[in-house]
Each structure stands twice: as structure tokens, then as C-alpha cells.
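The values are calculated or read from the model by the stated rules, or taken from the named source; none is laboratory data. Quick caveat: nothing in here was measured; it's all calculated off a predicted structure. Positions of Cβ are generated from backbone atoms using ideal geometry, with glycine treated the same way; all protein chains shown enter the neighbour counts. Note: areas computed on protein heavy atoms with side chains; ligands, DNA, RNA excluded. Shrake-Rupley method; radii C 1.70, N 1.55, O 1.52, S 1.80 Å.
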Amino acid sequence: MKSEDYSQGEAFQLEKRTIFSTECLPLCAEGQLAGPGAFVSATVGGWSVIGVRDKEGAVQVLRNACRHQNMQVVATPAGNCETFRCRFHGWTYDLQGRFVSAPPPVAPKDPQSPDLHLATLPSTLASGMVFFSLSTLVTPIDVATLPAYGGTLTTEIACNWKVCVEHLLAEHTPSADFTWAWPLLTVRRAGPVTIVEQVVPHTFLRTRLLTHVFGRAADENRQAAATIKHVCETLQADRAAGKQPATGALVDAFHRQLAGAYAQDRVTT
Ligand code: FES
């Protein structure tokens with residue numbers, strides 16, 4: 001990898017086209033959508049999406065792009081609501097993303113048109129997580145049994161998402177107790193506890209790490225999450241200065257996948 005791949009927006013746009021628009025991506029832990037109306041919103045690899053549990057208890061993943069003028073409908077990262085009301089001009093959608101109403105001055109000509117609904121993305125639940133895709137959903141990681149969900153920690157890290165993935169992979173080899181799901185998820189089992197680390201590429205220099213803890217309270221991982229943040233921000237400075245990451249079987253596999261995606265972009269653009 002070149003140092004600019006870690007520090008410039010061009011590589012992030014390439015990754016948005018070739019990785020984040022095609023792969024099966026994690027959105028949140030299913031436990032974060034605890035009851036009807038519970039939602040999370042996030043920008044994952046440049047795509048703004050909402051995960052919500054509808055009134056029937058099913059999980060929906062919607063594009064967070066209003067059908068009026070394509071603006072972001074939901075701006076808060078999580079909450080609970082009965083409907084989604086766009087903050088710009090008041091178009092309102094139900095929990096399945098269906099258009100409900102709009103104030104008269106901005107009302108659509110045909111309120112029955114299906115084109116007014118928020119786009120629903122293919123999504124699935126596996127291993128206690130919600131996965132989605134901007135294209136066809138592929139089978140996500142499946143860890144047979146997880147202990148009870150204990151909560152999620154959110155850590156904002158000033159680094160490129162690849163630095164965070166490399167750090168999570170660097171100390172591990174594939175084993176029964178450690179699984180990596182390309183591109184953004186690792187699962188680590190330690191006795192009765194399972195830690196699912198979900199990397200959320202927000203911008204090319206901002207990454208959110210969601211640490212989902214199963215088998216004990218999430219708070220017990222707070223120090224470990226702070227350490228990951230500190231190490232990743234140090235590593236980011238190393239990458240920007242041209243230092244290469246430490247190698248290892250999983251880091252090498254990650255780079256091969258990235259190289260394949262970059263090569264694919266050169267063929268199609
Ligand atoms: S952009 Fe959403 S109501 Fe206008």
C-alpha cells in the first residue's frame with residue numbers, strides 16, 4: 001500500500017466504488033435495535049444508511065437519502081421514533097421507509113407513487129449483527145452461538161479505516177477463536193466472552209470503531225477500546241510518513257483483497 005492510500009480522499013472514493021458499494025457490510029449489533037422504532041444511522045464507507053426495527057419486529061436497512069431532494073433524513077446516530085421526519089422540509093416516512101406525508105408547499109404530485117419511499121437495501125441478521133449491501137447480499141460471517149449481548153462501545157478514531165483493520169488483524173492468525181470477515185469485522189472469542197469489533201469507515205481520516213461485547217458488560221472493554229484508539233492514531237502517523245504496516249498472514253490477506261479491488265477499479269474506470 002502507498003502512504004497516500006491512507007491519507008488522501010482519492011483512495012477512499014475508489015474504495016467506496018469497489019468495496020463499500022458491493023460487499024456485505026456490518027451496520028450494528030442486532031441488540032442495538034432492541035424494540036420497535038429503535039434505529040441507528042451511520043455513514044459506512046461513504047454511504048449513509050439507517051437500520052431500524054419496524055412495528056412488526058423486523059429489521060430494515062434503508063438509504064438515508066430523502067426522496068424530496070436527496071438530503072440526509074436522519075442526523076442523529078441512534079434513537080427511537082414512530083416515523084422518520086426529514087429535517088429539511090418535513091417529508092415523513094414510516095419505519096419501513098414508506099412515504100407517509102409532506103407539508104402542502106412541498107407535497108409530491110402523486111403521493112401514492114412507490115418512487116417516494118426510502119430505498120430499502122438487502123439486509124440480513126447473522127452472529128448477533130445486522131448486515132447490509134448496496135448490491136446483492138452475500139452470506140455474512142456466521143458464528144454459531146454467541147453469549148448474551150452486553151452492549152456496544154463507540155470509539156471515534158482519527159485514522160484511515162485500513163489502519164484500524166490492520167491493527168485488529170496484526171496480532172492474530174486465523175483460528176477457532178479469531179475470525180475476520182472481509183472487509184470490516186473481526187470476532188474474537190475468549191472463554192465465555194465474545195468481542196465483535198466493527199470498523200466503520202466514516203471519511204478517509206475518520207473511523208468509528210464499534211466494540212460489541214457478548215457475554216459480559218460492554219463497559220469492561222472500555223480501556224481496551226481506548227488503547228486501540230491510541231495505537232491506531234500513532235499508526236496513522238506512521239502510514240502518512242510512509243512506514244509500512246507489520247506483516248502477518250491476515251494483514252497480507254487484507255492487502256491482497258485491497259489490491260484486487262484497486263485493480264478492478266482500474267479495469268472498470
Ligand atoms: S430534502 Fe427531505 S423534505 Fe426536502
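Surrounded by fewer than 16 Cβ atoms within 10 Å (Cβ to Cβ) and closer than 19 Å to I19 by Cβ - does that describe any residue in the stretch 191-206?
Within the stretch 191-206 (the criterion being surrounded by fewer than 16 Cβ atoms within 10 Å (Cβ to Cβ) and closer than 19 Å to I19 by Cβ), the answer is yes, since at least one residue qualifies.
What is the one condition in (1) open to solvent by less than 20 Å² (accessible area, probe 1.4 Å); (2) near the ligand (Cβ under 10 Å from one of its atoms) that L95 does not satisfy?
Evaluating L95 over (1) open to solvent by less than 20 Å² (accessible area, probe 1.4 Å); (2) near the ligand (Cβ under 10 Å from one of its atoms) leaves (2) as the failure.
Are any of the residues in the stretch 142-157 closer than 17 Å to L184 by Cα and modelled with pLDDT under 95?
The answer is yes; a qualifying residue exists.
Out of everything in the stretch 73-84 that is surrounded by 16 or more Cβ atoms within 10 Å (Cβ to Cβ) and more than 7 Å from the ligand (Cβ to nearest atom), what residue ends up being nearest to L116 (Cα to Cα)?
F84
Run down T154, T136 and say which single residue is open to solvent by 20 Å² or more (accessible area, probe 1.4 Å) and not in a strand (DSSP E or B).
Numbers: T154 fails: not in a strand (DSSP E or B).
Unique residue meeting the criteria: T136.
Which of the numbered conditions does V106 fail, given that it passes all the others? Conditions: (1) out of contact with any strand residue (DSSP E or B) (no Cβ under 9 Å at 6 or more places or on another chain); (2) open to solvent by 50 Å² or more (accessible area, probe 1.4 Å); (3) of a type outside the set (F, W, Y).
Condition not satisfied by V106: (2).
Using the structure shown, decide if T43 is in contact with a Cys (Cβ under 9 Å, 6 or more places away or on another chain) and either more than 11 Å from the ligand (Cβ to nearest atom) or among the polar types (S, T, N, Q) (or both).
Here the answer is no, as T43 does not meet what is asked.
Scan the stretch 60-72 residue by residue and report those that are more than 13 Å from the ligand (Cβ to nearest atom) and open to solvent by less than 30 Å² (accessible area, probe 1.4 Å). Give the derivation first.
First, pick out the residues of the stretch 60-72 that are more than 13 Å from the ligand (Cβ to nearest atom): 60-62.
Matches in the stretch 60-72: V61, L62.
Taking only pairs six or more apart or across chains, which ones have beta-carbon atoms under 9 Å, a first residue in the stretch 92-104 that is farther than 13 Å from V73 by Cβ, and a second residue that is within 12 Å of the ligand (Cβ to nearest atom) and part of a strand (DSSP E or B)?
As it stands, the answer is S101/T92, since those pairs meet every condition given.
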